[in-house]
Amino acid sequence: MSARQRIRVVVADDHASTRENLRYLLNAEPDLEVVGTARNGAEALRLIVELRPDVAVLDREMPLLDGLQVAAWLSKEQPQVRVVLFTLDADVFGQLPDGAVVAKDAPVAVLLAAIRGPGRREPVIHAARPLRVLVVEDDDNTRQALVDFLEDEGFLVESALDGQEALGVAASGAIDVIVLDLWLPVLDGAAFADIWRTRPGSERAPIIAMSGLPQGEAMAAGVGAAAFRSKPLDLPALADLLRTTVIQSGPEPRV
C-alpha cells in the first residue's frame, strides 16, 4: 500500500512509553502511519495543523490542553480530522459526540477499528473496566511504590507480602494479572505459581515475574511466567506490559 493510501495518525499522550508503544503498534499495520507524536495537548494541536493527519489519537489527561479540549477545537476548526480519545477515564464516555472513545484496556482490535473508522463519524465506545492486579512483593517500600503507581495508572490493585498471603487474596476475587516477586518468604514465587495454576480460572490471570537476582529470567521461565522484568523496575513500561499481556491472554469479560 502506498503512503498516500495509508491512514495518517497523530498520537498525543503525556507518557513517553505509551506514545512509543502506540507508534510501534500502529506502524506495524500496513494501512496506518503515525506521522507525529505529542506529549501535551498544545503540541498535539500544533502538529495536527502542520501535518494534517486523518486521525488524532488523544489521551484524556494531558498537560496544557486535555484531550477533550483538543477534540473541541478540532470539531470547530478541522472537523475532517477524526478523533479517537484513548483513555481509562470512564466519565468521559458520552462527552465526545463527534469522535470515538476507546478504553486503554480494550483489546487492540477495538482501537484499530476506531482509528480506521466507518465511512461516517460514528462513535465507537468500549466500556472501560479497570484491570485488577495482584502485586506480590515482600519489600514494603517496593510493594507500596508499585501499588501507588499502578493505582494512579487506573488499575485496581491488591497486594500481598508472600506467596501464602497471595493465594488468599487471589481466592477472594477476580484477578486479571499477577506481578510476582520470585524471592519471597513463607511461600516463594515458584511454589506460589505451582499452587496457583491448580485453581480454576488461573489461566486467565498471567504472571509477570520480577526479580533482582542474576538468575531471575531463568527462574521466570521455570515458573511459566508470561514475561519477566528485572529490578529496579521501569514502572511506566511495566504498566504498559500489564495491559498488553492481559489483552494477549484474552481475559473473559466480567461485570
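Each reported figure results from applying straightforward, stated rules to the coordinates on display, with no laboratory input. Given the structure is predicted, the values throughout are model-derived calculations rather than measurements. Here the Cβ positions follow ideal geometry from the backbone for every residue, glycine too, while neighbour counts run over all protein chains shown.
Observations on the model:
- Size descriptor, Kirkwood hydrodynamic radius, that averages inverse alpha-carbon separations across segment 168-219, Å: 11.7
- Using the Cβ-Cβ distance between T244 and E77 with R0 set to 41 Å, the FRET efficiency from 1/(1 + (r/R0)^6) comes to roughly 0.75.
- Peptides 69-80, 184-195 ordered by average Cβ neighbours within 10 Å, highest first: 184-195, 69-80
- Label-point separation, Q69 to D139 (7 Å along Cα→Cβ), nm: 3.9
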